[in-house]
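The values are calculated or read from the model by the stated rules, or taken from the named source; none is laboratory data. Predicted model, so just to flag it, every value in this text is computed and none were measured. As a convention, Cβ positions derive from the backbone with ideal geometry for all residues, glycine included, and neighbour counts pool all protein chains shown. Just so you know, the surface numbers come from the protein's heavy atoms only, side chains and all, with ligands and any DNA or RNA stripped out. Shrake-Rupley method; radii C 1.70, N 1.55, O 1.52, S 1.80 Å.
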Amino acid sequence: QVQLVESGGGLVQPGGSLRLSCAASGITFSMYAMGWYRQTPGNEREFVARIGSGGSTDYAESVRGRFTISRDNRKNTVNLQMNSLKPEDTAVYSCHALWHSLVYWGQGTQVTVSS
């Protein structure tokens, strides 16, 4: 059974930081490209960041320079360090795993940026 479990969400003031983590089980983690997406009510889920099996990274323009994605293949985790947070970063953040046609999603964790 595949599970992606996110943690680390919460309420933070503008300019603050949060670190999201996603723990994966049931997959050969090192083979998968891992990513983070986010969604707000009434909107489509949008891409945030991705890290390939080899460690290459890609970011949405809106978060580049503020967010950093990383992975630990020994712990089967992918992390998203979010700095200089803005109110528009408020969303449910979901973990994503991809290998060929196999796609898995986590349940998501809420991030709220507000004063």
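Sparsely packed loop sites in the range 1-64 (the GluC sites (Glu not before Pro) outside DSSP H, G, I, E and B with at most 12 other Cβ atoms within 10 Å) comprise E44, E61. Neighbours of G52 by Cβ distance under 13 Å: Lys/Arg scored +1, Asp/Glu scored -1, total +1. Here the accessible area is traced with a 1.4 Å probe on the protein chains. For the chain, carbon and sulfur cover 47 percent of it.
Here the range 1-53 is treated as a sphere whose radius is the Kirkwood value from Cα pairs; by Stokes-Einstein at 10 °C and 1.306 mPa s it diffuses with a coefficient of 121 µm²/s. Over the chain, the Kirkwood radius and the radius of gyration, each from Cα atoms, give a ratio Rg/Rh of 0.95.
Fully extending the segment from F47 to R19, taken as 0.36 nm per residue of separation minus the present Cα-Cα distance, adds 8.4 nm. Under 13 Å from a point 7 Å along the Cα-to-Cβ line of L11: which residues of the range 83-115 have their amide N that close? Residues 111-115 qualify, since their backbone N sits under 13 Å from the label point.
Annotation: per residue accessible area for the chain equals 53 Å², rounded to a whole number [probe 1.4 Å, protein chains only]. The relative contact order of the chain comes to 36 percent, based on Cα pairs under 8 Å that sit 6 or more residues apart.
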